[in-house]
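Since the structure comes first, as structure tokens, the remarks are kept for the end.
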Amino acid sequence: MDFRFSPEEEAFRSEVQEFLDREWPRERCLGSLPGGEKMPVPGPLAPGYMPSAEAERKLGAKGWLSLSWPTEYGGGGKPLVYQTIVDEELAYRNIPGSESIGRTIVAPTLIALGSEDLKREFLPRLARGEIDFCLGYTEPEAGSDLASLTTRAVVEGDDYVINGSKVYTSGADISHYCWLLATTDPGVAKHKGLSLFIVPMDAPGISVRPLLNLMNLGWFNEVVLEDVLVSRRGLVGMKNEGWHIVTAALSSERLALYHCRSQFRVFESLLEYAKRVQRDGQPLSQQPLLRQKLAQLATDFQVARLLTYRAAWLRGTGQALSYESAMVKLFNTELAQRLYQVAMEILGLHGGLMGDSARTVLAGMVSHNYLSVVQDTIGAGTSEVQRDIIARRGLDLPRG
């Protein structure tokens, strides 16, 4: 098997790298070592980090948010590998745009199953980086058992009237639309009575309440919908077919939102830190136990990248993903948690510092991410759900 990119693909990667290095130079994002020396660090905590909306507009102007979409909807009409190259380089630099819900979940679903009106209304704006979406899936009593949701959408004239609530809705406070799953026929089996809607977040009757996470940040939200009117044209696909649409979209979500390269840049910063900082008269990188753990992480990152590219290649050939994206999501999210466990060992007491403390190192990146990655093995399906998918669909094992 030839793992190499073609000359054309390598030339494109170089073009992407040159542009991103120009727009987001490493020297722009610096963190401190224990002695006060500076070194480049990735991530949204670093000084000079560009806000998401600005980054997406810059990438949209280059046409790099929609390289594999049909040209009639603002896309580039190129093979999926070109978009994968862009996404990998964005993830490596922790630049917003690589994890957009609208681009990674909504757009592929609309291209495959959306009406012509919905495609022409939303895809060009997503391609230009003008709008984004949040996911209206999880509810207080419906998480891993998503089909048990109780949010109702009832037909009233030319509209649907939606009532209910969603929780842990990342980015609901800054999103333009919600990709929302609701019950449209409670009289049938729960998987068969669900429908998917595009709901404007500025619609009357929607309220957003922040839910603080472990970092004391309001990334998550509770979204309450009270008699919210949504036009029938906001229905995605057919009525009561929402479960099939969402399960297909979950494969894209698991592949796109948990890219291993976003953590690999952190791993490189950690290696540099271990080389520069000494403990007990010896660089951390030369201490046998930590050295072995770093070597294992380096190996795991190569495995993660291979799993990711295999799934992307299958998707690029038109094959529907199932257990392949579950493998990517499971391995990459658990790798991230292992990474930050090792990182906390390397930083020692400095690893617990965040914010403006004079002793904070690496811009508080490690302590912030150590708490942040807790959610990764829960969102888009828990690790237990991923293992069940791999066992049943990948290994053909019987149900327990």
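Highest average first, the peptides 110-116, 277-283, 152-158 ordered by how many other beta carbon atoms sit within 10 Å of their residues are 110-116, 152-158, 277-283.
In terms of packing, defined here as the mean over residues of other Cβ atoms within 10 angstrom, the peptides 390-398, 318-326 line up highest first as 318-326, 390-398. Take every pair of alpha-carbon atoms less than 8 Å apart whose residues are at least six positions apart; their mean separation over the length of the chain yields a relative contact order of 15 percent.
Counting every alpha-carbon pair across the range 315-372, the share separated by more than 17 Å comes to 51%.
In the chain, taking the dipole from charged Cβ atoms about the Cα centre, the farthest positive-side position among 137, 318, 330 is held by 330. Ordered by solvent-accessible area of protein heavy atoms (1.4 Å probe), largest first, the residues 72, 345 come out as 72, 345. Amide H contacts for residue 201 (H built 1.01 Å from N in the peptide plane; partners 5 or more residues away or on another chain; cut-off under 5 Å): 177, 178. To test your reading of the geometry: what angle, between 0 and 90 degrees and rounded to tens, separates the Cα axis of helix 80-92 from the longest principal axis of the chain? It is inclined by approximately 50 degrees. Hey, which of these cross-link pairs are over 21 Å Cα-Cα: 166/190; 166/329; 78/119; 192/239; 119/192? Pairs exceeding 21 Å: 166/329; 119/192.
With all pairs of separate Cα atoms included, the range 141-209 yields a Kirkwood hydrodynamic radius of 12.9 Å. Relative to the dominant Cα principal axis of the chain, helix 52-62 is inclined by about 80°.
Couplings for the range 67-73, taken from phi via the Karplus curve 6.51 cos²θ - 1.76 cosθ + 1.60 with θ = phi - 60°, read 4, 9, 7, x, 5, 5, 10 Hz in order; Gly and Pro are left as x.
In the range 334-400, the portion of solvent-accessible area held by carbon and sulfur atoms comes to 54 percent [1.4 Å probe, whole percent, DNA, RNA and ligands not counted]. Here the Debye sum runs over all C-alpha atoms of the range 286-400 as equal scatterers in vacuum, and log10 of I(q)/I(0) at q = 0.19 Å⁻¹ comes out as -1.03.
Report summary: the helix-based calculation at 222 nm, which adds -39500 (n - 2.57) for every DSSP H run with n ≥ 4 and divides by the residues of the chain, gives -13000 deg cm²/dmol.
The heavy atoms of residue 389 offer some 10 square angstrom of accessible surface to a 1.4 angstrom probe. Expressed as a whole percent, the proportion of Cα-Cα pairs in the chain lying more than 41 Å apart is 15%. For residue 220, the residues whose amide H sits under 5 Å from its own are 211, 213, ignoring neighbours fewer than 5 places away on the same chain, with H placed 1.01 Å from N.
With the largest listed first and rounded to whole Å, the semi-axes of the equivalent ellipsoid of the range 87-232 from the Cα gyration tensor are 25, 20, 15. In the context of the full set of protein chains, residues of the chain present 47 Å² of accessible surface per residue (probe radius 1.4 Å, heavy atoms only).
Whole-percent P(r), the range 181-305, all Cα pairs, 5 Å bins from 0: 2, 8, 10, 10, 13, 12, 9, 8, 7, 7, 6, 5, 2, 0, 0. For residue 10, the solvent-accessible surface computed with a 1.4 Å probe is close to 80 Å², ligands and nucleic acids excluded. Taking a ≥ b ≥ c as the square roots of the eigenvalues of the alpha carbon gyration tensor, the range 77-130 is prolate, as a/c is not under 1.5 and a/b beats b/c. Given a 1.4 Å probe and the protein chains as shown, residue 244 ends up with an accessible area of around 120 Å².
The values are calculated or read from the model by the stated rules, or taken from the named source; none is laboratory data. All of these numbers come straight from a predicted model, not from anything done at the bench. Cβ coordinates were reconstructed from backbone atoms using ideal geometry, including for glycine residues, and neighbour counts include every protein chain displayed. Note: areas computed on protein heavy atoms with side chains; ligands, DNA, RNA excluded. Shrake-Rupley method; radii C 1.70, N 1.55, O 1.52, S 1.80 Å.
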